1. How high is the relative contact order of segment A:9-94? Use alpha-carbon pairs under 8 Å, at least six apart in sequence, and give a whole percent.
2. Which FRET efficiency, nearest 0.05, do A:GLN302 and A:HIS418 yield, Cβ-Cβ r, R0 25 Å?
3. Where the only charges are on Cβ atoms (+1 Lys, Arg; -1 Asp, Glu), what is the dipole of chain A about its Cα centre, to the nearest 20 debye?
4. What does the highest-first list of A:191-197, A:466-472, A:140-146 look like by mean Cβ count within 10 Å?
5. What is the local net charge at A:ALA528, summed over the other residues whose Cβ is closer than 14 Å to its Cβ (Lys, Arg +1; Asp, Glu -1)?
6. Measure off 7 Å from each Cα along the Cα-to-Cβ vector at A:ASP77 and A:LYS244, then give the distance between these two points in nanometres to one decimal.
7. Cβ under 9 Å from A:VAL554's Cβ, A:VAL554 left aside: what net charge do those residues give with Lys, Arg +1 and Asp, Glu -1?
8. Modelled label-to-label distance, A:ARG516 and A:LYS356, 7 Å Cα→beta-carbon offset: nm?
Amino acid sequence: MTFTIATPMLDFFLPYIQKALSSAGIDTDKPIRVEQPSDKKFGDFSTNIALLAARECKRNPRDLALEIIRYLDFPPDTISRVEVAGAGFINFYLAPLFIMRSVEQVLHDGDNYGKGSAGKGKRANVEYVSANPTGPLTIGRGRGGVLGDCIANLFETQGYEVTREYYFNDAGRQMQILGESVQLRYLEKCGKKPEFPATHYQGEYIGEIAEKIYSAHGSTLEECADLTLFRKSAENIIFDSIRKTLHRLGIRHDSFFNEHTLYSPDAAGVAPNQRVINELRQKEFIAEYDGATWFLTTKLGQEKDKVLIKSSGEPSYRLPDIAYHITKFERGFDMIVNVFGADHIDEYPDVIEALKILGYDTGRIKIAINQFVTTTIDGQTLKMSTRKGNADLLDDLIDDVGADATRLFFIMRGKDSHLNFDVELAKKQSKENPVFYLQYAHARICSLLRMALQEAGFEPATCEEHHLLRELSSPAELQLGFALLDYPDMVKTSLRLLEPQKMVEYLHSLAELFHRFYQECPILKADADICKARLFLSIATRQVLRNGFRILGVSAPESM
RNA sequence: GUGCCCGUAGCUCAAUGGAUAGAGCAUCAGCCUUCUAAGCUGAGGGUUACUGGUUCGAGUCCAGUCGGGCGCACCA
């Protein structure tokens, strides 16, 4: 009797429940949902289908549940017990053999354990960071960057071909102001005292860029009215610094999409921006008044129309945004994900509406908005988004706490929650710091295996002995094994919710279960077969930790 | 004023409409002659901001109130 362990686990139950329902002659359109009860005494898994179906069957939920379980027919050695409890829940208990066989599956699948095929042959575009090159990255941007990177990783686990994209504009008004800011600082280097407007970029980095220009050109540019050199220099230097900062966090983009390409005619001789206007006009959602061109969002129930082309003749940011998203459809992406901060909350509904009017399948678009970041230093909370000066630079934070802690802290809270980044905690090298707690579990396993090799000559390559795992039966072992079998579901859940935080929590509980197992079950001192089995269980745990760490972009140290 | 997010243990946060609301930290009490004590075990701690509603069942959904955050440009 051999069969492949079904992962994710939740899918395992569905066909059997379905069959039991039809055998029992129960006809319901209610969805069959299998969940893990919060308390183990209600089983490893449970379903509430009897509760849901009771009403339309006009039957008592408990009786219905009893009826259903009579027809449940699981393969041998999979489910050890099925019971009806509470108001009509059906609870399932996994057979120990089933759990340990799934641990064998982890060892067999290795780096591929937890991967799925739902996205096979599909392409996903994940856009994140997308900061214009007007200044170094701030901490607030970091959260979205790490969130986006993790989401991209999650899509990859399901077989999607992922393009990580960075959308930027190096031609707009902000860049003009940037150029002027640098020029003014440059003139100061030349000994002049120009007025520096409050609307311009105040950061120290502007002076540093001006300094570089000054040392390269001396004061020969003093009379230069053309901003291009100042703007271009600033752009190059700043973009370079942004990429360097992202690189430190392991964030890389495959595609840098320059907004400016939307202003130039395409193969058909029409600029994408203009095409949006033309097509929206055809749908009668465009009007000109007050010297500007408007998107008639009042026809969609909004309070005000939105400007697409300003009276100056320049497009407002909304227009290229729409055109940009059209390119994502035209480039053939099946899944389009936008990650951005709460300050852009009002940005996307107009884009979605426009795309809908133009007939695009906006169901493919997923938006992940992250709330803002505050930091706590010495118990004092500082709001980073508005803070001036160096302290809110992402680079400084990475210097302070390291890349792993930076990444993990950014995603260990739900993206809808305001994030309180406790800098002191992130630096701590102890259990209180979740980064260290997770990594320590991995390092501990590595250390254990080194010891096993040294003292017992244990070679983990002996996979024909994996069946020894079936000898394990203590609660600590079974709970750990059960957690391992849960991993593929956690990956899918994290992806569905666009919420890597779920993965962080899962890995934390996995680490905890391993530490308990380690505490309760002697490994190297056990009898040979048990020793091997426990080492296999440890190796499987290490594998899942690694796979999870890879999604989160956190390193897996071999020793600490 | 209005749109979106949040309000859960002293603190930071969990909880696909399910069963007695859970973790971690902090506090207190235990566990190293033994594979990393960077760890483990246990205890205390709650009117889920408030008021109504929907239902077999609400922290979760709906309406309203109060509090906090972010937006609400012919800036991006």
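1. Relative contact order comes out at 31 percent.
2. Once rounded, the FRET efficiency stands at 0.35.
3. 600
4. Answer by packing, highest mean first, reads A:140-146, A:466-472, A:191-197.
5. Every neighbour counted, the sum reads -3.
6. 5.9
7. Result for the local shell: +1.
8. 4.7
Every number here is computed from the coordinates shown, using simple stated rules; none is lab data. Computed from a predicted model, the values in this text were never measured in an experiment. Positions of Cβ are generated from backbone atoms using ideal geometry, with glycine treated the same way; all protein chains shown enter the neighbour counts.
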